[in-house]
1. Can you spot a residue in region 162-183 that is among the charged types (D, E, K, R), within 30 Å of THR107 (Cα to Cα) and touching a residue at least 60 places away in the same chain (Cβ under 8 Å)?
2. From GLY199, GLY240, GLY215, which residue is of a type outside the set (Asp, Glu), over 24 Å from ILE515 (Cα atoms) and out of contact with any Cys (no Cβ under 8 Å at 6 or more places or on another chain)?
3. Taking region 150-172 as the region of interest, how many residues are in a helix (DSSP H, G or I) and either at positive phi or not hydrophobic (A, V, I, L, M, F, W, C) (or both)?
4. Would region 463-473 turn up any residue that is crowded, with 22+ Cβ neighbours inside 10 Å and over 30 Å from GLU102 (Cα atoms)?
5. Condition check: in a loop (DSSP other than H, G, I, E, B), modelled with pLDDT of 95 or more and either surrounded by 19 or more Cβ atoms within 10 Å (Cβ to Cβ) or not β-branched (Val, Ile, Thr) (or both). Does GLY144 satisfy that?
6. Do you know which residues across region 428-455 are modelled with pLDDT of 95 or more, among the hydrophobic types (A, V, I, L, M, F, W, C) and part of a loop (DSSP other than H, G, I, E, B)?
7. Let me confirm something: among ALA252, ALA267, ALA248, which residue is more than 22 Å from GLN526 (Cβ to Cβ), modelled with pLDDT of 95 or more, out of contact with any Phe, Trp or Tyr (no Cβ under 9 Å at 6 or more places or on another chain) and aliphatic (A, V, I, L, M)?
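The values are calculated or read from the model by the stated rules, or taken from the named source; none is laboratory data. Since this is a predicted model, take the numbers as computed values, not measurements. Methodologically, a virtual Cβ is constructed for each residue, glycine included, from the backbone with ideal geometry; neighbour enumeration extends over all protein chains shown.
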Amino acid sequence: MINFKHNTIALRILTVFLVSFTVNKKHLCSNHPSITSTNSPHLSLHSSLVEMVFDGHLSFENIEHTAKDFGGRYRFMPSAVLYPKSVSDISSIVKHIFQMGETTELTVAARGHGHSFEGQAQAHGGVVINMESLRVPEMSFHTGKLPYVDVSAGELWINILHESLKHGLAPKSWTDYLHLTVGGTLSVAGISGQAFQHGPQIDNVYQLQVVTGTGEVVTCSEEQNSDLFHAILGGLGQFGIITQARIALEPAPKKVKWIRALYSDFAVFSKDQEHLISSENSFNYIEGFVIINRTGLLNNWRTSFSSKDPVQANQFTSEGRVLFCLEVAKYFNLEDSDHIDKDIDTLLSDLNYVQSTLFLSEVSYVDFLDRVHVSELKLREKGLWEVPHPWLNLLIPRSSIHQFTQEVFGNILTDTSNGPVLIYPVNKSRWKNGTSMVTPEEDVFYLVAFLSSALPSSTGKDGLEYILTQHKRILNFCGRSNLGIKQYLPHYSTREEWKAHFGTFWEVFSQRKSIYDPLAILAPGQRIFHKQRHLDDDDLKSLRSVNRVLEAHR
């Protein structure tokens, strides 16, 4: 249960309200269409919404771009797009829709850089908020003992990197792709190869400013409004729209030794990965990926890398095997140049990769972190970026990972030519507890990400239907075998599936929804809750009473 410290009045009112509210709670379901919709919803907007005044502006035209995302599979047209210039713009429109109660079906979705891939940032017939328009506050750096930066939630991580480096600092935890907004990644978690050491991005935030589903603007942290703080982090946008964030920083390195090595045995590969993430002295970044190439020839995975043994490397072929590539990085500064190679050799000496397949590269810290953007630019040149991306991201318990890899990479997935397949472990014991992110119960689990791209016109193995069928086979196998997996960036179609995803956390998750977004206005594209449509006057009074009491005790 949610803990309202020393707040018996709020708890009493909330308990009474929840009992009566549950009787009518028809929004807990998800029969949202699972097919692409290109038609305008033709819903008439309330006249007062049209007449609202904003610091930014509300647009009813040229809004088609918000009905698509990086996934390219779902297309739900909103009725309007808000381009906010202040937090009050966001607060005003959410509060207005909340006060309309059952008289409208309007919902609100916050959209960052448009990199959702299952329509999560779309609002069919509702209002999409273009968060990149919000630039309040400008980045404000604090360089004391615990350095941090205050940023707008619509800011891109790549911009934060460039600005923080001017102060010799950088955020601790990243995603592999930096052209994403702060609010977007904090709503899901933000995981990459630094997570074994620093946790995901949601573990490296000191404070948030949030607009809840009632339109209230609330500042929250571990010490202030902590329940909302934990709910928002990894909360899939269900409890509030993040408008500002205080991000933890650390001294930034200048250079990176970037290393890749191949394994032909997954047991050896996973043992080495787990050894590295548990070591006190290790690399700064640890990931891995799968190479399935039945022709015996390696693909371009080693572009821009130099082989430590060029002769043997050129003689190596995959011989039709499934290979696993360990990818690690060690950060350093110029004054460390004399001993960095020795330090790396010591770390590598404990590993059991195929000796002829060690490849190295030295790059700047910025170039390493922004490495995916280089691939993006190449794909854009070829017209291969604006295609469907049916991605599947899974969190696999350590106890199940060998069974998973044997079946998936031995029988289901026959090649990896449609996009990279990442696989690497994280140590949850180093992560913070209490956020809304759901993970497997074991301390060590693996992120396995199938990052496919599909050709829209193809009916072959590079076509959308073929890739989706493969993903369905993977998920069916996981379910039949009771592997205990969880989806990262989850997508489900029914309430029962969402309840299974959250497990014992579902009760807390749904109660938090009733508190912070009682009319289910926010993030409809996640398809977890439906907007409440049939509240009577007493329900609305109860909702407002709960909100007033909670606000008084913040």
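1. From region 162-183, those among the charged types (D, E, K, R) are 163, 166, 172, 176; that's our starting set.
This time we only want the ones that are within 30 Å of THR107 (Cα to Cα), so: none.
Checked against the condition, which is being among the charged types (D, E, K, R), within 30 Å of THR107 (Cα to Cα) and touching a residue at least 60 places away in the same chain (Cβ under 8 Å), region 162-183 yields no hits at all.
2. Values: GLY240 fails: over 24 Å from ILE515 (Cα atoms); GLY215 fails: over 24 Å from ILE515 (Cα atoms).
Selected residue: GLY199, the only one of GLY199, GLY240, GLY215 that is of a type outside the set (Asp, Glu), over 24 Å from ILE515 (Cα atoms) and out of contact with any Cys (no Cβ under 8 Å at 6 or more places or on another chain).
3. Here is the first cut: in region 150-172, the residues in a helix (DSSP H, G or I) are 157-165.
With either at positive phi or not hydrophobic (A, V, I, L, M, F, W, C) (or both) added as a condition, the list becomes 159, 162-164.
Result for region 150-172: 4.
4. At the first step, the residues of region 463-473 found to be crowded, with 22+ Cβ neighbours inside 10 Å are 467.
Still in the list and also over 30 Å from GLU102 (Cα atoms): 467.
Yes; the residues of region 463-473 include at least one that is crowded, with 22+ Cβ neighbours inside 10 Å and over 30 Å from GLU102 (Cα atoms).
5. On the way: in a loop (DSSP other than H, G, I, E, B): yes; modelled with pLDDT of 95 or more: no; either surrounded by 19 or more Cβ atoms within 10 Å (Cβ to Cβ) or not β-branched (Val, Ile, Thr) (or both): yes.
Spelling it out, it is not the case that GLY144 is in a loop (DSSP other than H, G, I, E, B), modelled with pLDDT of 95 or more and either surrounded by 19 or more Cβ atoms within 10 Å (Cβ to Cβ) or not β-branched (Val, Ile, Thr) (or both).
6. MET437, VAL438, LEU451, ALA454
7. Details: ALA252 fails: out of contact with any Phe, Trp or Tyr (no Cβ under 9 Å at 6 or more places or on another chain); ALA248 fails: out of contact with any Phe, Trp or Tyr (no Cβ under 9 Å at 6 or more places or on another chain).
Selected residue: ALA267, the only one of ALA252, ALA267, ALA248 that is more than 22 Å from GLN526 (Cβ to Cβ), modelled with pLDDT of 95 or more, out of contact with any Phe, Trp or Tyr (no Cβ under 9 Å at 6 or more places or on another chain) and aliphatic (A, V, I, L, M).
Residues checked against (1) within 17 Å of GLY215 (Cβ to Cβ); (2) at pLDDT 95 or above:
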| site | (1), (2) |
| --- | --- |
| HIS46 | yes, no |
| LEU58 | yes, yes |
| TYR74 | no, no |
| SER91 | yes, yes |
